[in-house]
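Below is one structure; the comments refer to it alone.
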Amino acid sequence: MQRVFSGIQPTGIPHLGNYLGAIRNWATLQADHDCLFCLVDMHSLTMPWSPQTLREQTLGSAACLLAAGIDPTRLYNQSAVSAHARLGWIFNCVSRLGWLNRMTQFKDKAGKNRENHSAGLYVYPNLMAADILAFHATRVPVGDDQLQHLELANDIAQKFNHDMGVEFFPKIEPLVPPAAARVMSLRDGTKKMSKSDPSAQSRIVLTDTADEIAGKIRRAKTDSEPLPSEIAGLAERPEARNLVTIYAAVSERTPADILSEFGGQGFGPFKNALAELLVQKLAPIATETSRLLQDETHLLSVLRTGAERARSVADPIVNEAENLVGFLR
């Protein structure tokens, strides 16, 4: 089995885009990979945060992931495993400023006010590399926007190996699902679905009730034309394309299949069918999440057990990395 590592920031209840783009794929990978799934609470400190909110959101994210089918023995929170921070510091000293200056996500997040952002936001790609390499993971499920960070992680691993004269850290391969759904806002089909959007109408979260899901789909922005019968007809219709993409992803069919069924019809019947499908798929997750959130003691126990397993894998690897750089044990 190849070892897979993936992490998600605990920024609240995941939305439909998180589920279709990552979480559902995680649950599938567990069958034939040695997986570790991490709530990256240390990364959460790179932007302004509230301690109480971070605690609550970490538990909420854990509950959702478990409800969506993640094996409880494979889930933990990053700060509970010191190997992340220990290797992260070593990688801060291996990585080069020129490499970090090329990272586009820092530029996007910091905007014009870069001088006022934390050093953590600047160096967090080094910590991301440590997250993966602390476990000698060789595969990481990512979207296109994270490929640059994986390239940096491989550069860091290669430089460490070269500088220490060893072949210690393995090469990481991206796992990009061939049909990964890019889910967009229900209010603007040109923008990704996001928890940071001030409008709750823009997204479906995994704890939405059946009525909330139906209402959001009913009010989702569309245009006045009927659905086309061919994919080419969606080219200049971002909102229509988004809803068709969601239907296809949730039903595990192709957009062409969806258009062959609904092409030529108005959005009314299509939206009703989409809402019914989403309720059918997401209601069990919402119900189980709600149940888990009633038992904080159980959630904390799950995270502790997952952290113990993660430490058993990462500590020997990071201990050896510390030996290689010359730390006295």
Q: Step through the table entries Lys112/Lys221; Lys112/Lys171; Lys107/Lys216; Lys112/Lys191; Lys107/Lys191; Lys109/Lys159, compare each Cα-Cα distance with 23 Å, and write down the pairs that go over it.
A: Lys112/Lys221; Lys112/Lys171; Lys107/Lys216; Lys109/Lys159
Q. Going by accessible area, probe 1.4 Å, with all protein chains left in place, what is the ranking of Met42, Met128, Met193, largest first?
A. Met42, Met128, Met193
Q) For the chain, with only Lys/Arg (+1) and Asp/Glu (-1) charged at the beta-carbon, what is the dipole magnitude about the Cα centre, in debye rounded to 20? A) 580
Q. How much of the DSSP beta bridge set in the chain is antiparallel, as a percent to the nearest 5?
A. 15
Q) When the chain is fully extended, how far beyond the present Cα-Cα distance does Thr53 get from Leu324, taking 0.36 nm per residue of separation? A) 93.7 nm
Q.
Pairs of alpha-carbon atoms within less than 8 angstrom and 6+ residues apart define the contacts here; what relative contact order does the chain have, in percent?
A. 24
**Q.** On Cα atoms only, tilt of 147-164 relative to the major axis of the chain in degrees
**A.** 10
Q: Using a 1.4 Å probe and counting only protein heavy atoms, arrange Asp34, Asp145 so the residue with the most accessible area comes first.
A: Asp145, Asp34
Q | For the chain, calculated [θ]222 nm from helices alone, where every DSSP H run of n ≥ 4 adds -39500 (n - 2.57) | A | -17000 deg cm²/dmol
Q | Full-stretch length increase - Trp99, Thr190 - with 0.36 nm per residue and alpha-carbon distance subtracted | A | 29.7 nm
Q | Among [x] 1.02; [y] 0.94; [z] 1.00, the entry that matches Rg/Rh (Cα atoms, Kirkwood Rh) as calculated here | A | [z]
**Q.** Helix 296-325 vs. the chain, principal-axis angle (Cα, 0 to 90°, nearest 10)
**A.** 40
Q: Give the cross-link partners of Lys281 among the aspartates and glutamates, using a straight C-alpha distance below 17 Å as the criterion and excluding same-chain residues fewer than 8 apart.
A: Asp208, Asp211, Glu212, Glu252
**Q.** On Cα atoms only, tilt of 267-293 relative to the major axis of the chain in degrees
**A.** 40
Q.
Charges at C-beta only: +1 for Lys and Arg, -1 for Asp and Glu. How large is the resulting dipole of segment 179-269 about its Cα centre, in Debye rounded to 20?
A. 380
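The values are calculated or read from the model by the stated rules, or taken from the named source; none is laboratory data. What you are looking at is a predicted structure, and each value in this text was computed from that prediction instead of being measured. Positions of Cβ are backbone-derived with ideal geometry, glycine not excepted, and every protein chain shown enters the neighbour counts. Quick note on the areas: whole protein, heavy atoms, side chains included, nothing else; ligands and nucleic acids left out. Shrake-Rupley method; radii C 1.70, N 1.55, O 1.52, S 1.80 Å.
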